[in-house]
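Below you'll find the structure, written out as structure tokens, and then a few comments.
The values are calculated or read from the model by the stated rules, or taken from the named source; none is laboratory data. Quantities reported herein were computed from a predicted structural model and do not represent experimental measurements. Positions of Cβ are backbone-derived with ideal geometry, glycine not excepted, and every protein chain shown enters the neighbour counts. All accessible areas refer to the heavy atoms of the entire protein, side chains included, with ligands and DNA or RNA removed. Shrake-Rupley method; radii C 1.70, N 1.55, O 1.52, S 1.80 Å.
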Amino acid sequence: MSSRNMIERVVGNVRQENGFDDSAVRKRSIRRVTFDSSNHVSVLFQVYGSVWPHVLPYCLANVLITYGVAYLKKNGIDVTIASNGHTFMSVLVSFLIVARTQITYARFMEARGYLQDTYRSCRDLIHTCSLLTCHDMCDGAKQWRQDIAYRTILLLRITMAALEFQSRSVNAMDFVDGSNKYINTEEESRSESKKRLKDWTHGKRDLSDENFRAPIVLAYNLRSEIMKQRQGGFLDKKRKDTKTYMHVNEELKVLGMVSDYVAAFHGLKKLITTPFPFPLVQMARTFLFFWVFTIPFAIVGDISEPIEAMIINFFITYGFIGLEYVSMELDDPYGDDPNDFDNVGMAQMVFEDIYITIYKTDGTESADTLRSRVWDRCNRINAFQQDLDDDLNSSLKAISASTIANIENV
């Protein structure tokens, strides 16, 4: 098989008879925001991914208030206020809104940097393991490299599930095999494992805490898989200088890449578990709504023409409330929203790069086997998520039916 055909095969253009079905993942594909910055008309009028659907009701409401104030003034009822105090207040509102937007965008880009570090660490880990042991082509060495690749892919996929917990409410630990959890023996049941973990806790733990523990557990398992070669039976050729399968500096180099991954994950966890300070959000939003919806009472006193006042007020409302909605959009960049990161899609590209690395090192059969193992796990994850969505829809339908029945009985 040519390299081109192999690359096409591992990135998803695989025939159904090979047993690889990408339909489950394609159903979950998300349409992210794209735009041509050089096309002014397209940028101005694109609705998808814009804050217009959220902001437009506020703009129209403020326009109606402006019209009402102008109408009352025209009929001898003057409810306008002096614009001097409103002008001073606009400085504070502008500072709060712009500061919140800048801080939120900085957090957004910091999260994107940590995500890129996780992807880079996974690629570098497999590249390094493959290059350091490519001289050993025995079956044990191929299996060892494949197991490390599988553990790396599983770690990355579970991390993406953990990041999306707030949006999808799916516990990442539910995707982890029993052998990857806290169970040390096959005889030990899951309930016994949970009981032991409960006995070890120092406080009350919720589902979010359990969710962020999953990547840490899998990172330990990946480190264990890397060091398994010391036990023998995997790598066949020992080094002449150290009489070991891998030099200790090589082991430290590989383990350091796992540490880089864990550091990036902790950076992502820090941003998720440390939300934007609530007092600042509350203060900014209080000043914003008070200031925006008192603009009509100030602007009508300075502008006698109602149409002109309504147009100006429309765009002032769009500008200030629109910035607040931009901050709200960037606060949680993990999920299915148009402006969220395509973290799962980028992770799948890492999977494909790992397949190609295994193919170049160990051949087609090893890459196919690895992809089959990964796809079985991904399909189980997607099936589990679909079951949750079906359960949620069923619950909503049951609630709706019960509500309708109660209304009919009244």
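Values as computed for the structure displayed
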item	result
Criterion (out of contact with any Leu (no Cβ under 9 Å at 6 or more places or on another chain) and under 12 Å from residue 295 (Cα atoms)) met by exactly one of 76, 85	85
Unique match (being over 26 Å from the mean Cα position of the chain (by Cα) and either over 30 Å from residue 72 (Cβ atoms) or not polar (S, T, N, Q) (or both)) among 321, 354, 311	311
Residue check, residue 125 assigned to a helix (DSSP H, G or I), buried (at least 22 other Cβ atoms within 10 Å of the Cβ) and aliphatic (A, V, I, L, M)	yes
Hits in the stretch 358-369 (condition: surrounded by fewer than 22 Cβ atoms within 10 Å (Cβ to Cβ) and in a helix (DSSP H, G or I))	360, 364, 365, 366, 368, 369
Condition broken by residue 288, with the remaining ones in (1) open to solvent by less than 70 Å² (accessible area, probe 1.4 Å); (2) under 30 Å from residue 121 (Cα atoms) satisfied	(2)
Residues satisfying the stated conditions in the stretch 79-95, i.e. surrounded by 13 or more Cβ atoms within 10 Å (Cβ to Cβ) and either outside any helix (DSSP H, G or I) or aliphatic (A, V, I, L, M) (or both)	80, 81, 89, 92, 93
Among the candidates 301, 322, residue that is more than 21 Å from residue 115 (Cα to Cα), open to solvent by 20 Å² or more (accessible area, probe 1.4 Å), small (Gly, Ala, Ser) and in contact (Cβ under 8 Å) with a residue 12 or more places away in the chain	301
Hey, residue 58 open to solvent by 80 Å² or more (accessible area, probe 1.4 Å), part of a helix (DSSP H, G or I) and over 30 Å from residue 354 (Cβ atoms) or not	no
Residue within the stretch 241-259 that is under 22 Å from residue 143 (Cα atoms), of a type in the set (S, T, N, Q) and over 28 Å from the mean Cα position of the chain (by Cα) present	yes
Test: residue in the stretch 380-387 that is of a type in the set (Val, Ile, Thr), crowded, with 18+ Cβ neighbours inside 10 Å, modelled with pLDDT under 95 and out of contact with any Phe, Trp or Tyr (no Cβ under 6 Å at 6 or more places or on another chain)	no
Some residue of the stretch 204-225 being closer than 17 Å to residue 256 by Cβ and among the basic types (Lys, Arg)	yes
Spans of helices (runs of 4 or more DSSP H) in the stretch 214-317 with at least 3 residues touching a Lys or Arg at 6+ places or on another chain (Cβ under 8 Å) and aliphatic (A, V, I, L, M)	248-273, 278-292
